[in-house]
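Everything below concerns the one structure shown next.
Only the coordinates and a few stated rules stand behind these numbers; no lab work does. What you are looking at is a predicted structure, and each value in this text was computed from that prediction instead of being measured. Note that we place each Cβ from the backbone using ideal geometry, even for glycine, and neighbour counts take in every protein chain shown.
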């Protein structure tokens, strides 16, 4: 009923939203003799804020048509290389002729970025991808909004997520590099464990896990505590709703994106209210640059997707309540997942000093359970002064975190080592 009520409310507000958009344009029209007055600017700004707060935000575009390598622009085309019911594997293909002109032989490390399936689209990692593109052959998991998947496509749970990652690594590999940003850390670690135990050639050469709840018992944050305080039945009863028509996923049981968004906003409600008040003031005084930055951020932040019931609830139980992977009890397709079986995958963990989603130590826990990885293949880094978002986006990500990941991947890249040997042989 909540989902239907949400849709009905959105439809009911639509006339007012449309009128607000028209009104804002009329107040700003060059044909309006009062357009430069304080009354006009204030009225237009208020209507603009209302329109933006009540509209629906579609999935954003990537906006990555090119990358700069050695001072040269290299064209980038985004190509789907595998499409499954709940995810599309995207490849950021860089023009080979332009790569050669930029002094790159094209044989750069193949890197899978595993985007979180936690409410936002993969485009939230636009800055992550942008920083990796100059030196890496980048792939990313582009998760599908569950309300867009017909119920005939079947279920999708945490084990299916692990299977998807294994399949993607087999397609990209052998010995590619994998980066899990936030939520998918446990799933990537499980996938790597299965591949390692089977001595599968598709196991990654390196695994970078960033701001992730590998063991959420360490330095528990507000979301971690909430997951422990509430019972599994409470989450099932209060967080799961049925997709209404006319969505393709009608009748599918989901954790709706708008519910997740409310949780995001309520955690930092004062900051978001102040941001919108500042947006209003910037519109009134004509500060277009600041207003554009606000819109760009919230166009992404307020764009959300639904998660399947089974994926969300299994994640709550396995990751946040029972800590099954950290305790060595996580099961995948009838077998116990064994992180201790990993012996030749280099592991880098990265945390943010001020992360209020995944506390300090939660990601580092990967080192504790991957007992088979020798110390020279392990590395850990805590970035001072950043929160959860700053671990994978922003100035500190670009200037300090990403270079460390690039160096780590380069150090353990098998093809890179082969290139060095060829150079030594020629000399």
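Below, the figures for the structure above:
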| item | result |
| --- | --- |
| Efficiency of FRET from Cβ geometry, residue 396 and residue 375, R₀ 30 Å, rounded to 0.05 | 0.65 |
| Simple spin-label estimate for residue 25 and residue 55 in nanometres, 7 Å along Cα-Cβ | 1.1 |
| Estimated 222 nm signal from helices in the chain, with DSSP H stretches of n ≥ 4 weighted -39500 (n - 2.57), rounded to 500 | -13000 deg cm²/dmol |
| Counting DSSP beta bridges with both ends in region 268-427, the antiparallel % (nearest 5) | 25 |
| Longest to shortest principal axis, alpha-carbon extents of the chain, angstrom | 76, 57, 41 |
| Equivalent-ellipsoid semi-axes of region 65-147, from the Cα gyration tensor, Å, largest first | 26, 12, 10 |
| Length released on extending from residue 343 to residue 237, taking residue separation times 0.36 nm less the Cα-Cα span | 34.0 nm |
| Separation of alpha-carbon centers, region 365-409 and region 271-289, rounded to whole Å | 34 |
| On Cα atoms only, tilt of 2-28 relative to the major axis of the chain in degrees | 60 |
| Region 312-383: C-alpha pair distances exceeding 21 Å, % | 34 |
| Volume in Å³ per residue [convex hull over Cα atoms, computed for region 340-418] | 91 |
| Packing-based exposure ordering (other Cβ within 10 Å, fewest first) of 81, 39 | 39, 81 |
| Residues listed by number, region 44-66, amide nitrogen under 16 Å from residue 95 label point at 7 Å toward C-beta | 64-66 |
| Residue exposure sequence - 392, 86, 297, 280 - by fewest surrounding Cβ within 10 Å | 297, 280, 86, 392 |
| Euclidean distance between Cα centres, region 156-217 to region 1-80, Å | 37 |
| Antiparallel %, DSSP beta bridges [both residues in the chain], to 5 | 50 |
| Helix 158-172 axis, angle to the chain major axis (alpha carbon atoms, nearest 10°) | 70 |
| Gyration tensor verdict on region 32-191 (Cα atoms; rounded if a/c is under 1.5, prolate if a/b is larger than b/c, oblate otherwise) | oblate |
| Gaussian network model of the chain, springs between alpha carbon atoms under 10 Å - residue of 193, 219, 227 with greatest fluctuation | 219 |
| For region 1-125: Kirkwood Rh in Å [reciprocal of mean 1/r, alpha carbons] | 19.2 |
| Mean separation of Cα contacts under 8 Å, 6 or more apart, over the residue count of region 212-347: relative contact order % | 30 |
| Percentage relative contact order, the chain, counting C-alpha pairs under 8 Å, at least six apart | 18 |
| Prolate/oblate/rounded label for region 262-310 (Cα gyration tensor, a/c 1.5) | oblate |
| 0 to 90° range, to nearest 10: angle between helix 288-301 axis and the chain longest Cα axis | 60 |
| FRET efficiency, 1/(1 + (r/R0)^6) with R0 41 Å, evaluated for residue 228 and residue 73 via beta carbons | 0.25 |
| Relative contact order [Cα under 8 Å, 6+ residues apart], region 41-189, whole percent | 25 |
| Residues 140, 316, sorted so that the one with the fewest Cβ neighbours within 10 Å comes first | 316, 140 |
| Shape of region 117-262, Cα gyration tensor, a/c cut at 1.5 | prolate |
